[in-house]
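Data block below; observations after.
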Amino acid sequence: MFGEYSLLYNSMALTMPYDKFSGHFTYPDAGDSQNHLAILSNNGLRKFCDHLLQQHTQEDFKLNVSKFKEELDKGLFFESNIPQGFGLGSSGALVAAIFLRYLHKAGDFKDGIKNLTKERICNLKGHLGGLEGYFHGTSSGIDPLSILMNKPLLLKSESDIEAVQIPAFNESGKNVVFLLNTNLSRNTDKLVHKFKSACEETSFKSKLENELISFTNDSITHFINAETGKLYETLNKLVNFQLKEMNYLIPESYQKIVKDGLNSGDYFLKICGSGGGGYMLGFTENWEKTKQELQNEDLEILYRF
């Protein structure tokens, strides 16, 4: 929900599972060996498996890569309804599924997942980030970690991660967190590279450290504490920053919509995931008016409180 990109430079981050989308490993149906999506998925997984054979040396979370390869030879693929490149954790879900299917003694891990120590969680996050980094070049590991733990997670720092309570869901709540689907795919690796290049410039790095991180941390604190007045004030600053300093992460065709929300104060649209397309994350305390203003957009309620 918060902390995209700034997390890479030690801001806080908040993530929340979303159970509308899911994925699982399966085999093609008999007589359906030419299923295009199954073949595409299997080929992609083979490349990842080859990468693991060469790079996977983690002893704390040892994967049975040989079993992975054997099952891929039998046609195994990852069937998912999670849109790829849209900021909803498609690669995180795949990494989580691989982790649970091929981790040695995964049953023991599942049994103890609710009682993981902070140190163990941090180690797990780092390992998952290393696996997911194959797809993006760089990954914090927070998406697959959140999926595995299946609860909202607050990252206070690289070494301080904990499950956290967020405001109770209320179906008739005034405050609405929603998704806006731009229907535009994007390349996460290229966007992360562009952001990191921007951070090499002294002026932007200073703004990131003195403004973006502060806006992000304050937004998380206000959201968790249900301080809605302060939340919307900080969201205004956060979205303004993204629009002015990181506008390459907002599709050009949506920059006016983002600006209109800032000007009216009726809604606030921020990037979701790596930005550049996919879904955007919106916040409003006037859902009916927001729906009217964005009537031509593909909207979906994520959370109400």
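The values are calculated or read from the model by the stated rules, or taken from the named source; none is laboratory data. Everything numeric in this text was worked out from a predicted model, so none of it was measured. Positions of Cβ are generated from backbone atoms using ideal geometry, with glycine treated the same way; all protein chains shown enter the neighbour counts.
Structural remarks
- For segment 273-298, the candidate set comprises residues that are assigned to a loop (DSSP other than H, G, I, E, B) and modelled with pLDDT of 95 or more; within that set, the residue that is surrounded by the most Cβ atoms within 10 Å (Cβ to Cβ) is 294.
- Close pairs (7 angstrom Cβ cut-off, 6 or more residues apart or separate chains): closer than 18 Å to residue 3 by Cβ and polar (S, T, N, Q) in segment 186-206, at pLDDT below 95 and in a helix (DSSP H, G or I) anywhere: 188/136
- Residue within segment 75-87 that is part of a loop (DSSP other than H, G, I, E, B) and either assigned by TED's automatic domain parsing to the domain that holds residue 185 or modelled with pLDDT of 90 or more (or both) present: yes
- Every test in (1) assigned by TED's automatic domain parsing to the domain that holds residue 117; (2) charged (D, E, K, R); (3) not in a helix (DSSP H, G or I) is passed by residue 143 save one, and that test is (3).
- Residue within segment 26-40 that is closer than 15 Å to residue 134 by Cβ and either modelled with pLDDT under 90 or not polar (S, T, N, Q) (or both) present: no
- Those residues of segment 122-163 which are of a type in the set (A, V, I, L, M, F, W, C), buried (at least 19 other Cβ atoms within 10 Å of the Cβ) and either more than 19 Å from residue 93 (Cβ to Cβ) or modelled with pLDDT of 85 or more (or both), in sequence order: 122, 124, 128, 131, 145, 147, 148, 149, 153, 154, 155, 161
- Summed over segment 218-247, residues that are farther than 17 Å from residue 282 by Cβ and among the small types (Gly, Ala, Ser) total 2.
- One residue from 270, 244 being surrounded by fewer than 16 Cβ atoms within 10 Å (Cβ to Cβ), within 22 Å of residue 207 (Cβ to Cβ), at pLDDT 95 or above and of a type in the set (D, E, K, R): 244
- Residue check for residue 203: surrounded by fewer than 17 Cβ atoms within 10 Å (Cβ to Cβ), out of contact with any Pro (no Cβ under 8 Å at 6 or more places or on another chain) and more than 26 Å from residue 82 (Cα to Cα): yes
- Some residue of segment 219-242 being in a helix (DSSP H, G or I), among the polar types (S, T, N, Q), touching a residue at least 24 places away in the same chain (Cβ under 8 Å) and under 20 Å from residue 136 (Cβ atoms): yes
- Matching residues, segment 251-272, being in a loop (DSSP other than H, G, I, E, B) and within 16 Å of the chain's Cα centre (by Cα): 272
- Considering 254, 248, 267, the condition of being within 28 Å of residue 153 (Cα to Cα), of a type in the set (Ser, Thr, Tyr) and touching a strand residue (DSSP E or B) at 6+ places or on another chain (Cβ under 9 Å) is satisfied by 267 alone.
- Scanning segment 174-198 for residues that are in a loop (DSSP other than H, G, I, E, B), surrounded by fewer than 17 Cβ atoms within 10 Å (Cβ to Cβ) and at pLDDT below 95 yields 183, 184, 185, 187.
- Scope segment 268-304; condition among the basic types (Lys, Arg) and free of Cβ contacts under 8 Å to residues at least 12 places away in the same chain; matching residues: 291
- Enumeration of residues in segment 1-17 that are in contact with a strand residue (DSSP E or B) (Cβ under 7 Å, 6 or more places away or on another chain) and not in a strand (DSSP E or B): 1, 3, 4, 7, 10, 12
- Pairing residues of segment 253-267 that are over 14 Å from residue 237 (Cβ atoms) with residues that are of a type in the set (D, E, K, R) and surrounded by 15 or more Cβ atoms within 10 Å (Cβ to Cβ), at Cβ distances under 8 Å and at least 6 apart in sequence or on separate chains, gives 257/297; 260/293; 264/293; 266/293; 267/293.
- Candidate set: segment 146-173, residues that are among the charged types (D, E, K, R) and not in a strand (DSSP E or B); chosen: the one nearest to residue 222 (Cα to Cα): 151
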